[in-house]
1. Is it fair to say Ile222 is open to solvent by less than 20 Å² (accessible area, probe 1.4 Å), of a type outside the set (Lys, Arg) and modelled with pLDDT of 85 or more?
2. Is it the case, given these coordinates, that Gly94 is touching a helix residue (DSSP H, G or I) at 6+ places or on another chain (Cβ under 6 Å), surrounded by fewer than 20 Cβ atoms within 10 Å (Cβ to Cβ) and either modelled with pLDDT of 85 or more or not in a strand (DSSP E or B) (or both)?
3. For Thr148, which of the numbered conditions (1) open to solvent by 70 Å² or more (accessible area, probe 1.4 Å); (2) in contact with a strand residue (DSSP E or B) (Cβ under 7 Å, 6 or more places away or on another chain); (3) farther than 17 Å from Gly217 by Cα fails to hold?
4. Considering each of Gly165, Gly255 in turn, give the residue that is touching a Lys or Arg at 6+ places or on another chain (Cβ under 6 Å), at positive phi, at pLDDT below 90 and small (Gly, Ala, Ser).
5. Any idea how many residues of the range 31-80 are in a loop (DSSP other than H, G, I, E, B), within 23 Å of Ala110 (Cα to Cα) and open to solvent by 70 Å² or more (accessible area, probe 1.4 Å)?
6. Can you confirm whether Ala176 is modelled with pLDDT under 90 and either within 18 Å of Ala116 (Cα to Cα) or aromatic (Phe, Trp, Tyr) (or both)?
7. Would it be correct to say that Arg138 is part of a loop (DSSP other than H, G, I, E, B) and at pLDDT 80 or above?
8. Name the single residue that is modelled with the lowest pLDDT among those in the range 97-135 being part of a loop (DSSP other than H, G, I, E, B), buried (at least 19 other Cβ atoms within 10 Å of the Cβ) and over 15 Å from the mean Cα position of the chain (by Cα).
Amino acid sequence: MYIIVDDRESVTNSYVGGLVREGVSSIGFSSGEFWDWLQSASESDLAAVDAFLLGDCDTRGSLPRAMRKRSSAPIIAMSGQKMLKNTLELFESGVDDVVHIPIHLREILARTAAIARRRVGELPRPCETRIQVFFNGRDPEIAGHALTLPRRELRILEYMVSNHGKWVTKTQIFNAVYGIFEATFDESVIESHVSKLRKKLRDRLGFDAIVARRYVGYRLDIPAGETIDVPMQELDEVGILLNRSHAAPAAYPAGN
């Protein structure tokens, strides 16, 4: 789940809508609303946050350090001012990255994945890879061939790859896919999504890559010889991906 903090409601609505179209759950807060939520949010709710997108607000200079005290999720500042002084001030405030708007959301997704991966260290790259997940909206690949997935199944696969080898509960997956504030759907929808994803992976891989255990949850389990690789596309390659016919609108306005 992505959290957008901006005191301009039209801007938060624009980013939330764009992320939803990319299959990523999100919610927008004003700086005051976000501060109240940050102080009271549970550990499980904070664990569901993939990244914070920090836009235009009066408390932007102090918020990043408050965020970091409660969450390790990437903090990306979105700036409409392409000035070195402004960029340096944002980095000094504690953000992980600064992007200048307008920017395509898939670039933000790619940058988020890169920040998260650097924190856990680069995984060794095998010569041959069975599964590749790109974390930027691109279809995953198995044995070099694209596997087209509905956006929610893709989000589940991304989440499980990020937690490869770990048991994750139905609630954790639900929060990652639908967000912690979703009240329209019941957690039981995850069982259907995982079942369909599990079958598709089994048909392509020849074995069950997702292990399910009652009362425990799910685990992505790839044998040692079937290593997962999570490559980062260079940003110019990401730009090429944005030209695909199913891409969302090319840019999001500053909202000024």
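1. no
2. yes
3. So Thr148 meets the others, but not (2).
4. Unique residue meeting the criteria: Gly255.
5. Count: 2.
6. For Ala176, the condition - modelled with pLDDT under 90 and either within 18 Å of Ala116 (Cα to Cα) or aromatic (Phe, Trp, Tyr) (or both) - is met.
7. Yes; evaluated as a whole, the condition is true for this residue.
8. Arg130
The values are calculated or read from the model by the stated rules, or taken from the named source; none is laboratory data. Quick caveat, the model's predicted, so the values are computed rather than measured. With ideal geometry, Cβ positions are generated from the backbone for all residues, glycine too; neighbour counts draw on all protein chains shown. Keep in mind that these areas ignore ligands, DNA and RNA; they rest on the heavy atoms of the full protein, side chains included. Shrake-Rupley method; radii C 1.70, N 1.55, O 1.52, S 1.80 Å.
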